[in-house]
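Heads up, the thing below is written out as structure tokens.
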Amino acid sequence: MENTEMKKSLLSAQVDLSKFSSANFEKATDEEKRQQDVMGESTTFFKDGMRRLRKNPLAMGSIVVLALIILIIIIAPHIVPYSYDQIISVNGVRDKGSANLGFFMYSDRELQYMRETGEDLFPHIFGTDSLGRDYFIRVIYGTRVSLSVGIIAAIMVVLIGIIYGSIAGYFGGKVDLIMMRIVDIIYSLPDMLIIILISVVLKENLAGKLAGTVFSKLGANMISMFIVFGLLYWVSMARLIRGQILTIKNNEYVLAARCIGTSNGKILRKHILPNCLSVIIITTALQIPSAIFTESYLAFLGLGVSEPLSSLGSLANDARAGMQSYPARLVIPALIICLIVLALNLLGDGLRDAFDTKLD
Amino acid sequence: MAKYIAKRILLAIVSIWIITMITFFAMNAIPGGPFNKEKATSPAVIATLEARYNLDKPVGEQYVLYMKNLLHGDWGISLHSGRPIWADMISKFSVSAKLGGRAAIVAIIIGIILGAIAALNRNKLPDRLIIFFTTLGTAMPSFVLATLLLLVFCVRLGWFPVVSLSSEPNYTLPVIALAVYPMAYITRLTKTSMLDALNQDYIRTARAKGVSKVKVIFLHALRNALIPVITYVGPMVAYILTGSMVVENIFTIGGLGSTFVTSITNRDYTTIMAVTIFLAILMVVANLLTDIVYKFVDPRIKLD
């Protein structure tokens, strides 16, 4: 035995086992053995993160709020019999008195109609706007547009960022150097100015060409916003992914995979990207509010979705003229923007706390 | 260090050059010349006008001419007013700079104070309150805040006049509208870096040596905590410049931002171009200075 061969130092506090025999020890009872058992199930990374997320009341509250908003914007158009571009009409006749109604108010014509037929008309929950369109349904569609713009833009940014960042990070060397110089330059361009500029240009260029296509409803401004998002906004995502990959690709399992001849693409897809997933999810969650911000800002400058479609920003902008008499029309979309952005920000923060354990 | 600065300056020049290219060619891609008015103009007049403004030359040559003029300080003539853009732009910018400068100062000072308070009272009531309000602040676009402020304080309460910026106190609301977001951001930034600084060994050493609490906080912790805040100055300038476009519009302040917005509605392309390039140069320079100052202040940063 190694232990006995070694000479024990005088100062050593180690117990000399050779002085004891098996009689000096007791066998562990079954109960004592059971204490060593692993009681909890082993958890996956995802489960572990979800458990931590569930303990975060702010993040859970945000999920509830977002789920509610999404549920409402999906269901409401099926229940409310008005459409976002329809001017209220009674018996097929356009109702001129239906403009600027207050909450749950009916126009004289509608009241008369209900009295005559005894049939109940669906109430105008948020009243109507200056053209006599049901404001509730306009807000619903505005929220739909704003949220989908945010989500589509975020997905675009994430996809481009992942592809670009992972190529630069994985191949390194000259490829990385050149690709990151390009990112540096794009990063230093003032994005908001370029968005406004390109929106102005595309608005003029696309206006005629879009008519009749699927895009015509969205309008040239939205298309240009997506284009600019695709051109400019991915850079911070690409930087992030590249940084992650640079650290991950030095791990032993990547080396092992390369040793057995796994192709570059497969190593990226199977070994590296799944390990960046938490960072990707968090950044996506935080990207959506920033896209919603940008969209509402552009809408406010008159560069948003084209009429009669609305977004939350364009609703707020339209309401500015009648701000003194109908403040609710401004406050409602403003509040919804704040609510969505706040919920997504809190959710993003919660996700970061739950999934990015490397931070602490 | 000199090499790093040279590299950053080069990058800034390349960015500005790319911006002028994007702006110029984007503006040229708009269908219809600047003289296509609703009133029909005779072809001869248009030809003379185009020759006068060099519009009859190929686009590439036009760009070279434009850049040449730009480098000589000639920013062109507004299509809308017919006046030289530069003089207008500078007088409008002085208004915006006043507004933006105030917003920046307010944001930095209050942000740092709130951040420090939050860090020193970690997880206590002041911290929670500050974090609650800063989270709200970052969730509110500046134009929403601006219109709500206008609605409450000008229209409902009548504390401030709705229009014009003739006297000093009227800066209050626009400055608040512009300052809240960067302030909230600086607060969070200061809080995290302050917490980080408070955990450092040198703080414990200073305390152990009996340095007073005030001295530890202000001389040892805060000074080091402020370094990351410097990095935000560049983005903040960009935020305030773009934010002022809507805020100036809402509060009817005749600054550069509202000029830009009106030139968009008026399709005043030469002004759009000039203002874009001007603002872009400001933002790029702000970022450049931020980066360089950061490296100077914190020598630990690796020069890459």
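Here, each number is a calculation from the coordinates, and none is a lab measurement. The structure presented is a predicted model; accordingly, all values stated were derived computationally and were not measured. Glycine gets a Cβ as well: all are built from the backbone with ideal geometry, and neighbour counts include every protein chain shown.
Counting Lys and Arg as +1 and Asp and Glu as -1, what is the net charge of the other residues whose Cβ lies under 14 Å from the Cβ of residue B:94?
In short, +1.
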Distant-in-sequence amide H partners of residue B:78 (H built 1.01 Å from N, under 5 Å): B:83, B:85
Rounded if a/c under 1.5, otherwise prolate or oblate - the stretch B:204-304, Cα gyration tensor axes: oblate
Relative contact order of chain A (C-alpha contacts under 8 Å, at least 6 apart) in percent is 21
Evaluate peptide A:293-301: per residue, the Cβ atoms of other protein chains within 10 Å of its Cβ; return the mean as an integer. 5
If one compares the long axis through the Cα atoms of helix A:57-79 with the longest principal axis of the Cα atoms of chain A, the angle in degrees, nearest 10, works out at 40
When B:98, B:191 are ranked with the fewest other C-beta atoms within 10 Å first, the list becomes B:98, B:191
Global geometry of chain B, whether rounded, prolate or oblate, following the gyration tensor of its Cα atoms and the 1.5 cut on a/c: oblate
In what order do B:50, B:61 fall by count of nearby beta-carbon atoms within 10 Å, going from fewest to most? B:61, B:50
Computed over the protein assembly as shown, the distribution of all Cα-Cα distances in 10 Å bins, rounded to whole %, is 3, 12, 20, 23, 19, 11, 6, 3, 2, 1, 0, 0
Charge-dipole axis of chain B as Lys and Arg at +1 and Asp and Glu at -1 on Cβ define it, positive-most pick from B:241, B:4, B:189: B:189
Helix B:125-138 versus the longest principal axis of chain B: what is the Cα-based angle in degrees, 0 to 90, to the nearest 10? 10
Once normalised by the length of chain B, the mean sequence separation of its alpha carbon contacts under 8 Å that are 6 or more apart gives a contact order in percent of 26
In peptide B:142-153, what is the residue-averaged number of other protein chain Cβ atoms found within 10 Å of each Cβ? 5
Can you order the peptides A:117-126, B:256-265 by their average number of other Cβ atoms within 10 Å per residue, highest first? B:256-265, A:117-126
Taking the mean number of other Cβ atoms within 10 Å as a proxy for protection, how do you rank B:239-250, A:14-25, A:46-57 from highest to lowest? B:239-250, A:46-57, A:14-25
Give the average, rounded to an integer, of partner chain Cβ atoms located within 10 angstrom of each Cβ in B:18-24. 3
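Below 12 angstrom from the Cβ of residue A:327, what's the summed charge of the other residues (Lys, Arg +1; Asp, Glu -1)?
+3
Taking the Cα centre of the stretch A:8-88 as the origin, how large is its charge dipole in debye, to the nearest 20, when only Lys and Arg (+1) and Asp and Glu (-1) carry charge on their Cβ atoms?
Here the size comes out at about 200 debye.
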Given a cut-off of 23 Å, name the pairs among A:174/B:7; B:3/B:98; B:191/B:295; A:174/B:3; B:92/B:295 whose C-alpha atoms lie farther apart than that in the structure shown. B:3/B:98; B:92/B:295
